[in-house]
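Take a look at the structure set out below.
The values are calculated or read from the model by the stated rules, or taken from the named source; none is laboratory data. It should be emphasised that the depicted structure is a prediction, and the values quoted were computed from it without experimental measurement. Using ideal geometry, Cβ is built from the backbone for each residue, glycine included, and neighbour counts are taken over all protein chains shown. Heads up: the accessible areas ignore ligands, DNA and RNA and are worked out on the full protein's heavy atoms, side chains in. Shrake-Rupley method; radii C 1.70, N 1.55, O 1.52, S 1.80 Å.
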Amino acid sequence: MHAISSILNEGYGSAVVLNSDSPTLPAAYLAETAHVLAGPGDRGVLGPAADGGYYLLGLKSPHRRLFEDIAWSTECVAEQTIERAREIGLPLHILPTWYDVDTRQSLHILLRRIVRGTGAPARLRPRPRVTPER
């Protein structure tokens, strides 16, 4: 709530907070967020994480109720946030579910994406090893 309020208090028309552990988050999700928040009227955007939390929250106005009575650090966070939005009548655009890296299983997902060369810009993908000709 503090981060959202601080950004909006600077005069911006919307604010987005992101997690720091979804390194392969598609840029298209960020573009979709910007597009939705550029629309008229109060609205929000939520990016649910595969573990039940969320990787992104964007708002045009601060809504303290979105952060109240949430069982933080559980698999219910996104669901409860969506319920709070319904409760206060806030239109909430839901992005596709994505993963964050905070378990061994999610680390393996990240490694597979990197090894396959998906989920990272071309300049960051591993290059095939070149063997010198003899």
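Report the relative contact order of segment 1-119, percent, no decimals, based on alpha-carbon pairs under 8 angstrom and at least 6 residues apart.
On the way: 174 pairs, mean separation 34.4, N = 119.
Relative contact order comes out at 29 percent.
Using a probe of 1.4 angstrom, how much of the accessible area of the chain is carbon and sulfur, in percent? Don't skip to the end; give the middle numbers.
Details: 4650 of 8550 Å².
The value for the chain is 54 percent carbon and sulfur by accessible area.
Looking at the chain, send over the antiparallel percent of its DSSP beta bridges, to the nearest 5. List each step's numbers first, then the result.
Values: 9 of 13 bridges.
The antiparallel proportion sits near 70 percent.
Just to confirm, what accessible area per residue do you get for the chain at 1.4 Å probe, in whole Å²? Intermediate results must be reported in sequence, preceding the final value.
Details: 8550 Å² over 134 residues.
Ligands and nucleic acids excluded, the figure is 64 Å² per residue.
Under a Cβ-only charge scheme (Lys and Arg +1, Asp and Glu -1), can you give me the dipole magnitude of the chain about the Cα centre, in debye to the nearest 20? Don't jump to the answer; show the numbers that get you there.
Details: 15 positive and 14 negative charges, 180 e Å.
Approximately 860 debye in magnitude.
Against the longest principal axis of the chain, how steep is helix 77-88, in degrees 0 to 90 to the nearest 10, with axes from Cα atoms?
That helix lies at roughly 30 degrees to the long axis.
Placing +1 on the Cβ of each Lys and Arg and -1 on the Cβ of each Asp and Glu in the chain, which of I114, T103, L30 has its Cα farthest towards the positive end of the resulting dipole?
It is I114, whose Cα lies furthest towards the positive end.
As a check on your grasp of the helix formula, calculate [θ] at 222 nm for the chain: sum -39500 (n - 2.57) over DSSP H runs of n ≥ 4, divide by the residue count, round to the nearest 500.
Value at 222 nm, helices only: -10000 deg cm²/dmol.
Using alpha carbon centroids, what distance separates segment 64-109 and segment 2-63, in Å?
Taking the Cα centre of each part, segment 64-109 and segment 2-63 sit 12 Å apart.
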